[in-house]
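These notes concern the structure reproduced below.
Values quoted throughout were computed directly from the atomic coordinates according to the rules given, and no laboratory measurement underlies them. A quick note: this is a predicted structure, and the numbers were derived from the prediction, not measured. Backbone-built Cβ (ideal geometry, glycine too); neighbour counts: all protein chains shown.
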Amino acid sequence: MPLTKPVWLNAADRRRQVHAPLDESAFFGYERIQAREKTERVVRHFNSVARVYDFMNSLLSFGIHHAWKREAVRMLELKPGERVLDVCGGTGDLAILAARRAGPRGAVVIYDINRAMITAGLPKVIGTALEGRIRHVQGDAEQIAFPDHSFDAVMVGFGIRNVTRMRRGFSEMCRVLKPGGRLLCLEFSRPVWPMFRWIYDLYSFYMMPYIGELVAGTRKAYTHLPESIRMFPLPDELSGMLRAAGFSRVDYRRFTNGIAVAHLAIKSK
Ligand SMILES: C[S@@+](CC[C@H](N)C(=O)[O-])C[C@H]1O[C@@H](n2cnc3c(N)ncnc32)[C@H](O)[C@@H]1O
């Protein structure tokens with residue numbers, strides 16, 4: 001399947017990349033690789049951007065990602081004292097918002113496979129009022145290192161796209177949630193209006209890699225980003241995956257014409 005840019009993957013290919021068994025191929029951006037190599041590639045990818053990750057997010061999204069994250073965490077309706085897990089938590093933006101809402105009796109865990117990303121986010125927590133409320137744990141989303149029914153809420157922001165076996169990742173998130181617990185999945189998606197999508201495609205494929213090279217010193221990482229977004233399940237497909245992983249009520253909300261989408265799912269009681 002030789003891909004030309006920019007292209008949004010069709011439903012069959014999106015399904016194939018979501019369900020890649022480990023002995024088969026997987027997509028890393030538009031590149032087809034051995035599925036068992038994907039996690040290592042993802043770790044290397046985030047090693048190359050960790051230092052500038054927050055800055056680049058704000059630059060490339062014109063700061064809008066902060067509003068998406070705020071709104072998405074608000075959708076979780078966290079209550080004081082709740083325990084929250086931030087899977088693929090990276091530099092901790094969602095965790096920080098959640099910790100403020102869960103209050104001093106609450107606890108939030110940033111769970112990420114990449115040490116460099118965790119380290120890059122530490123200054124946002126250490127020495128602040130949130131220090132005692134946020135913990136950092138390094139680990140794989142496909143094998144979450146917590147017992148069943150440990151959390152009131154689980155979040156995954158712009159991370160599940162990178163997990164080789166997404167369905168496995170969602171099942172793990174479901175497992176560690178208490179019955180009735182809530183999952184928030186915030187991810188990039190396909191803009192709804194064709195004209196807006198056209199402009200977004202041009203920006204993503206011709207501006208983003210250029211800015212990535214100029215500011216972050218890596219064109220490759222910021223070429224992979226728009227490619228991986230175009231391989232990701234559309235909102236209704238993702239809702240189906242969440243139901244298959246053990247969640248009941250699944251709703252979603254589009255932000256900025258669908259550039260980002262927040263899914264809220266409840267674990268069956
Ligand atoms: C795009 S960043 C998102 C960070 C943060 N959630 C945010 O919204 O800014 C994706 C994160 O997912 C992490 N990640 C990728 N694959 C993972 C896996 N299998 N298990 C745990 N974390 C993973 C990466 O290391 C990276 O920090």
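Observations
- Modelled label positions at His149 and Asn10, each set 7 Å beyond Cα in the direction of Cβ, lie 4.6 nm from each other.
- Dividing the convex hull volume of the alpha-carbon atoms in the chain by its residue count gives 115 Å³ per residue.
- Value of [θ]222 nm, deg cm²/dmol, for the chain, DSSP H segments ≥ 4, -39500 (n - 2.57) each, nearest 500: -11000 deg cm²/dmol
- Length added when fully stretched, Arg243-Lys269, from 0.36 nm per residue minus Cα-Cα: 8.0 nm
- For His263, the shell of other residues with beta-carbons less than 12 Å away shows a net charge of +1, using +1 for Lys and Arg and -1 for Asp and Glu.
- Leading residue at positive end of dipole, the chain (Cβ point charges), from Ile110, Val73, Met241: Val73
- Taking all Cα pairs closer than 8 Å and separated by 6 or more residues, the relative contact order of the chain comes to 20 percent.
- Remark: for residue pairs Lys124/Lys220; Lys38/Lys220; Lys69/Lys124; Lys69/Lys267, the C-alpha separation exceeds 18 Å in Lys124/Lys220; Lys69/Lys267.
- Scalar couplings 3J(HN,Hα) for segment 172-187, obtained by applying the Karplus form with A = 6.51, B = -1.76, C = 1.60 to θ = phi - 60°, are 5, 4, 5, 4, 7, 7, 5, x, x, x, 10, 10, 10, 10, 10, 8 Hz; x denotes Gly and Pro.
- Pairwise FRET efficiency - Phe55 versus Arg219, Cβ, R0 = 22 Å, nearest 0.05: 0.85
- Sorted ascending by nearby beta carbons within 10 Å, beginning with the fewest, Lys220, Lys269, Lys38 become Lys269, Lys220, Lys38.
- Amide H contacts of Gln34: Ala26, each under 5 Å away and 5 or more positions distant or on a separate chain (H built 1.01 Å from N in the peptide plane; Pro and chain starts excluded).
- Beta bridges per DSSP with both ends in the chain, % antiparallel, nearest 5: 45 percent
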